[in-house]
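The values are calculated or read from the model by the stated rules, or taken from the named source; none is laboratory data. Computed from a predicted structure; not experimentally measured. Cβ: placed from backbone, ideal geometry, glycine included. Neighbour counts: every protein chain shown. Note: accessible area is taken over every heavy atom of the protein model, side chains too, but ligands, DNA and RNA are not part of it. Shrake-Rupley method; radii C 1.70, N 1.55, O 1.52, S 1.80 Å.
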Amino acid sequence: MTEPLLVSVPGKTLRAAIGDIDGVEFVEWDLSGPAPKTAFDIVITPYMGTTDKLGALADVSARLVQSQSIGYDGVDDVLPPGNVFANASSVHETSTAELTLALVLASQRGIPDFVRAAGEGRWAPARHASLADRTVLLLGYGGVGKAIEDRLLPFEVNVVRVATRARSDERGQIHGIDELQELLPHADIVIVGVPLTDETTGLVDAQFLAAMPDGAMLVNIARGAVADTDAILREAESGRLRFALDVTDPEPLPDGHPLFALPNVLISPHVGGASTAMMPRMAKLARQQIERMLRGEDPVNVVLRT
């Protein structure tokens, strides 16, 4: 008799969302405490705080380690040898793009000012900049970047796309990152969606921000360490630039940090993928990986082998 496929899930919610699959045995393990088995076919890691827990895999064997996040910065430093690691591409792009547009629209149309005024019981009409007719520089053109672009275009904006290397596609030119300093002075809004790597750590520094025109807005939905927090704070305190940040460095941003108090800074607490869309999409990806393994096919979304 064929042994069932052994899959670990980090909790009951995802287990229930995946449902039962013939030929599969599920066990719950969130990488805390002793592993319930010594060998797994698939280990699905917890959504948050996973990197610090990956050392637990040193005591077990797994054919596939499936993350619930798109980003995998730091994983190669702690994932034990002999593992295949897949990210959660297809799970978070839509929700992250939604939040990005929400941050952009809220900042452009002065929603935080209206909320503050309403909290004080004041009627405070004001005219703010439109999103229509703005030039939006989209820095990073992976799955999240493409999802953001799809949602930006109906707002009648000029989208300037920037990726690691220059190329073109059916929508036209994609600029290389080496062109940034020439492109930034013409951008009304800069959306940062690059992965965190050695090359992108500290990419948004004082020189980067200085190249942006007065009144422009920077939106960071990538990773906090992509940007220099001190440089952001200096520009924000001067009032020259505006910021909408879903990620910060450090994270969480400490209580009472001066960025919280500035009217030209809008902060959300790293919730780009945190919506009701996540669990069913993660369950769909998990089922896909399980079914592919049952058929003897290679997994999708593999980003790292140790």
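The table for this structure:
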| read-out | value |
| --- | --- |
| Top-ranked residue in the stretch 56-70 [being in contact (Cβ under 8 Å) with a residue 40 or more places away in the chain and under 25 Å from the mean Cα position of the chain (by Cα); ranked as most open to solvent (accessible area, probe 1.4 Å)] | Ile70 |
| Output for the stretch 209-262, where each listed residue is in a loop (DSSP other than H, G, I, E, B), under 20 Å from Gly193 (Cα atoms) and among the small types (Gly, Ala, Ser) | Ala211, Ala216, Ala222 |
| Conditions (1) out of contact with any strand residue (DSSP E or B) (no Cβ under 7 Å at 6 or more places or on another chain); (2) among the hydrophobic types (A, V, I, L, M, F, W, C); (3) buried (at least 18 other Cβ atoms within 10 Å of the Cβ); (4) farther than 30 Å from Gly215 by Cβ; number of the one not met by Ala17 | (3) |
| Condition met for Gly33 (on the phi > 0 side of the Ramachandran plot and in contact with a Gly (Cβ under 7 Å, 6 or more places away or on another chain)) | no |
| Residue within the stretch 277-290 that is touching a strand residue (DSSP E or B) at 6+ places or on another chain (Cβ under 8 Å), in a strand (DSSP E or B) and either open to solvent by less than 10 Å² (accessible area, probe 1.4 Å) or at pLDDT below 95 (or both) present | no |
| Filter result for Ser89 (surrounded by 21 or more Cβ atoms within 10 Å (Cβ to Cβ) and of a type in the set (Ser, Thr, Tyr)) | no |
| Residue tally, condition open to solvent by less than 70 Å² (accessible area, probe 1.4 Å) and of a type outside the set (Ser, Thr, Tyr), over the stretch 122-133 | 6 |
| Qualifying residue in the stretch 170-182 (condition: under 24 Å from Gln108 (Cβ atoms) and out of contact with any Lys or Arg (no Cβ under 9 Å at 6 or more places or on another chain)) | yes |
| Index of the failed condition, Val84 passing every other in (1) more than 18 Å from Asp246 (Cα to Cα); (2) of a type outside the set (D, E, K, R); (3) touching a Pro at 6+ places or on another chain (Cβ under 9 Å); (4) buried (at least 19 other Cβ atoms within 10 Å of the Cβ) | (4) |
| Count - residues of the stretch 20-55 that are open to solvent by less than 60 Å² (accessible area, probe 1.4 Å) and either touching a Phe, Trp or Tyr at 6+ places or on another chain (Cβ under 8 Å) or β-branched (Val, Ile, Thr) (or both) | 10 |
| Of all residues making up the stretch 204-242, the number that are under 17 Å from the mean Cα position of the chain (by Cα) and farther than 20 Å from Ile70 by Cα | 2 |
| Odd one out for Leu103, checked against (1) open to solvent by less than 40 Å² (accessible area, probe 1.4 Å); (2) in contact with a Ser or Thr (Cβ under 7 Å, 6 or more places away or on another chain); (3) over 25 Å from Thr276 (Cα atoms); (4) touching a residue at least 40 places away in the same chain (Cβ under 8 Å) | (3) |
| Filtered residue count, the stretch 149-204, keeping only those that are β-branched (Val, Ile, Thr), farther than 23 Å from Gly224 by Cα and touching a helix residue (DSSP H, G or I) at 6+ places or on another chain (Cβ under 8 Å) | 1 |
| For Thr100: the one exception among (1) hydroxyl-bearing (Ser, Thr, Tyr); (2) within 21 Å of Val265 (Cβ to Cβ); (3) touching a Phe, Trp or Tyr at 6+ places or on another chain (Cβ under 9 Å) | (3) |
| Count - residues of the stretch 150-171 that are over 26 Å from Asp198 (Cβ atoms) and either surrounded by fewer than 20 Cβ atoms within 10 Å (Cβ to Cβ) or free of Cβ contacts under 8 Å to residues at least 40 places away in the same chain (or both) | 13 |
| Counted residues, the stretch 185-199 - those being closer than 18 Å to Arg134 by Cβ and either free of Cβ contacts under 8 Å to residues at least 24 places away in the same chain or out of contact with any strand residue (DSSP E or B) (no Cβ under 7 Å at 6 or more places or on another chain) (or both) | 1 |
